[in-house]
Amino acid sequence: MPACDKDWVDILGALSTVAIGLLAAAIAYGQWATERHRLKFELYKQCYEIYERVAAYMAGVLIGGPRAGVEAGLPGSPESLLRSAKEAHFLFGEAIALFIEKGVYSKAADIHAAVAMQENTSGDELHRHVERERELRDWFSRELGELPNRFARYLRLGD
């Protein structure tokens with residue numbers, strides 16, 4: 001075999017090694033990008049489930065009262081809402097967790113108390129409890145309308 005042919009074989013051998021290395025790097029990058037997108041999607045699903053639980057609870061308060069969905073585990077149950085607050089602390093941060101716990105859950109308890117107090121009162125005191133219930137239901141209505149904006153930054157799938 002002439003020396004020239006031997007050089008070409010060596011050059012092609014080196015180039016094929018580099019090509020295989022580049023191909024392996026491209027495959028590794030593709031796997032990394034796929035896994036990154038899968039993780040983002042999994043986080044999105046968890047965040048959206050919390051959003052849905054909060055929205056269901058708030059809608060339940062407006063439609064059926066603060067104990068709507070009281071059976072444990074239903075999307076609109078108080079237990080589900082508190083579980084969402086704990087999860088939200090890690091997924092969204094403290095602001096959303098406090099909104100769920102101190103805002104939504106606390107105000108639902110206030111509505112429950114106002115409704116319960118209406119049963120045993122009359123006159124000005126009854127009027128005060130009815131007015132408090134109306135104010136709280138107005139808050140729920142307003143906040144339910146703003147809920148998509150409150151959660152929007154966490155529910156975007158873009159990079």
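Observations on the model:
- Cα-based reach from K45 at 28 Å (exclusive), listing lysines while leaving out same-chain residues under 8 positions away: K86, K102, K107
- Simple Cβ-charge dipole of the chain, Lys/Arg +1 and Asp/Glu -1, about Cα centre, in debye nearest 20: 80 debye
- Sequence ranges 51-63, 17-29, 126-138, 96-108, ranked by mean other-Cβ count within 10 angstrom, highest first: 51-63, 96-108, 126-138, 17-29
- FRET efficiency estimate (nearest 0.05) - Cβ-Cβ, T34 to I11, R0 35 angstrom: 0.50
Every read-out reported here was derived from the displayed coordinates using simple, explicitly stated rules and does not represent laboratory data. This structure is a prediction, so every number in the text was calculated from the model and none was measured. We place every Cβ from the backbone using ideal geometry, glycine too, and count neighbours over all the protein chains shown.
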